[in-house]
Each structure stands twice: as C-alpha cells, then as structure tokens.
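Here is the structure we will look at, set down as structure tokens.
The values are calculated or read from the model by the stated rules, or taken from the named source; none is laboratory data. As the structure is a computational prediction, the values presented were derived from the model and not from experiment. Cβ coordinates were reconstructed from backbone atoms using ideal geometry, including for glycine residues, and neighbour counts include every protein chain displayed.
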Amino acid sequence: MSHQENHRGNHRPSHRRFSVVICVYTEDRWEDILAAVDSVRQQSLPALETLLVVDHNPQLLERLTEEFKGCGAHRAAAYEEEVRVLANAGPRGLSAGRNTGIAAARGEIVAFLDDDAVAEREWLRYFDEGYDDPRVMAVGGRTLPAWASGRRPAWFPEEFDWVVGCTYRGLPPGRVRVRNVLGGNASFRRTAFDASGGFATGIGRDGDKRPLGCEETELCIRLGRALPHAVLLIDDRAVIHHKVPAAREHFGYFRTRTYAEGLSKALVARSVGSGKGLESERRYTTRVLPAGVARGLRDALLGRRGGAGRAGAIVTGVATAAAGYALANMRTRAGVAFSHGPIAAYAPATGGGPR
C-alpha cells in the first residue's frame, strides 16, 4: 500500500493497541511534560495508555500522581483512565526508565516520546501503518528541532541535528528500512523485547552530566541478531517536535555532546562488535559529512550566512567524536574501567521489571 493510499485510508480499522512511554526526571520540565501528554491525548489513533516513568525524583512522582489522579487538578477527569505514573524500578537513567515502562505496558506496541517533545496528530497512526507488515518489529519517525531562540543557529549544521536529539541530514526520506530507530520518537512490538531483552543500562543517560546516548542503537542491533528477518523502519510522516533549550544552542554543548557520542559508540561496539556497531556511521562519515563541509564552504564563498561556521562545526564534530571513541577504546585495551561504568544486563520485557 502506498503512502498516498494510506493517507486517504485514515479510517481503516486498526487492531493494534499502543502504550506510550514518556520518561521524566525533573520538575523543570513540568509544562513540557504536560504538553507531551496532551499531544498523545490528541492522536487521531487513540493510545491505550500513557505511562509516565519518573526517574528517582520523589517530589516529581508525587506531583504527577496528584495531577493525574485528580487532587483538585482541573485536568483530572480527562486523564483518569489514560495516564499511569510509575517510579523507575531500576537504576537511575533513561534505559532503566524505558524498561520499567515496557514491563508495565499493556499494549502490543510500545511507543516512546521524549518528555520535552510534542507529537503531531497522526503520529501513532503512521506508526500503526508500518506494522501492517508482520516482519516489521520497530517503526521510528522524524524529529524536528524547536529552537528556544526561534531559529536554528547559523553555524549549526543539519548533519549534526542528532546532537539535539533530532533527525539529521543524511537519512533517506519517506518510509525506509534502517539499522536503528531514534529512541525519542520510536515504537516497538512487545515481541521485540521478548526476543532481544530491553535497553542496556550503562550506555545512555543516567543522570550523569555527560550526555551519553546510543542505547537505542545497541538495542536495535541486538534485535537484528535475535530476529535476523526483522524489519526496522523510519517513516518521516510520523513527526514530533523536540524542544531545544538555549543551553544546547551553544558550541560548547555541541563539542561536549559529540565527544560523548564517541564514548557511547565505543560502548556499543564493545557490546555488539565494531562491524555492526559502526556500519551506518562509516557511510555517514565518508559520504554525508564531506558533502556537508563542501556545502558550507560553498555558502561561505557565496557570502551566505553561517557557511564557514557549519563547515567548521562538522570538522570539529568529527574530531571530537573520534577522540571520545579512541579514548574509550584505549582505556578498554589498557584494562582501565570506563568512568561511566560497564554495560549492565538487559532487562526483560516480562517478569518483575528491569534489573
């Protein structure tokens, strides 16, 4: 079925039920959290439930529990049966929070939405269409940046939008098969977790100041090994808008995040092997980024704003990511414990929750 036919068939019946997991950790994002939940409630294909997983923050847990159980909140009646508030049952961090949501989810599809993002109205419906093919085990979407300043910084290259958790230049358009989906805008069949386990702790963010990532990459590679015929898709019609705070619009954060990505990629390669762990990154580094540098230099020669800065940022991003990767590998070969800790066991999707 083509995209156009699917779009015209918006009223086709669906027998799949979605549980949406939103992991939260700070009261500083209170309004963002409410906006994320509201965007799920506005879906053209209603979710079975929204699971708010609170990461070791008792005050936020209590406040959200009160908000969605009533306790005088003006929104209570609308949310009462739709939203469940849970405490992260594992160690601090995004991976354990997601595993908690997976273990509690009642839907056959588990979707993940960042706590500072809002989904467009057809988000779940486009996810749902991907699962018409029984081979499909995961469907991701397109994540667009919502810059705090109102517009993209002139020096910030689109090739590095992953730095702020968004879809980057270089990914093919349309509905395409991919190695891995991006965790803040993704969905999986429950059976995917039954086959491969949950997210591995010790890779992604865990409350440490260093902005590590790649937990979804490691999971998707592991899923492909467990189910060799599995298909993973990105459908760029399944759109969310991800808030980019002012602090992440600065070059200092860019350097820190790209360095952390190198560290994270080393952890992934250690877990699943450098062949699969870096397969997509090699194509990105040898094809997409050189084209980005050339485009930036051409813009600079034509007097276009930010061209030289974008070219320089791409070169810097590659260098800092490579430095992080090399340092992590050197420490591993030398037998020095990586400061972020080892990769922990995978949490199963069934049973007593993550461990």
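Yes/no per residue for (1) at pLDDT below 95; (2) assigned to a helix (DSSP H, G or I); (3) among the aromatic types (Phe, Trp, Tyr):
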position	(1), (2), (3)
ASP161	no, yes, no
VAL176	no, no, no
ARG179	yes, no, no
SER187	no, no, no
THR191	no, yes, no
ILE203	yes, no, no
PRO211	yes, no, no
GLU216	yes, yes, no
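Only one of the listed residues (LEU267, LEU232) is in a strand (DSSP E or B), hydrophobic (A, V, I, L, M, F, W, C), buried (at least 18 other Cβ atoms within 10 Å of the Cβ) and touching a residue at least 60 places away in the same chain (Cβ under 8 Å). That residue is LEU232. Please specify each residue of the stretch 97-124 satisfying the condition of being assigned to a strand (DSSP E or B) and either of a type in the set (Lys, Arg) or within 13 Å of ALA47 (Cα to Cα) (or both). Passing the criteria: ILE109, VAL110, ALA111, PHE112, LEU113, ALA119. Entry remark, the stretch 79-122: residues being acidic (Asp, Glu), within 21 Å of ASP32 (Cα to Cα) and at pLDDT 95 or above number 5 in total.
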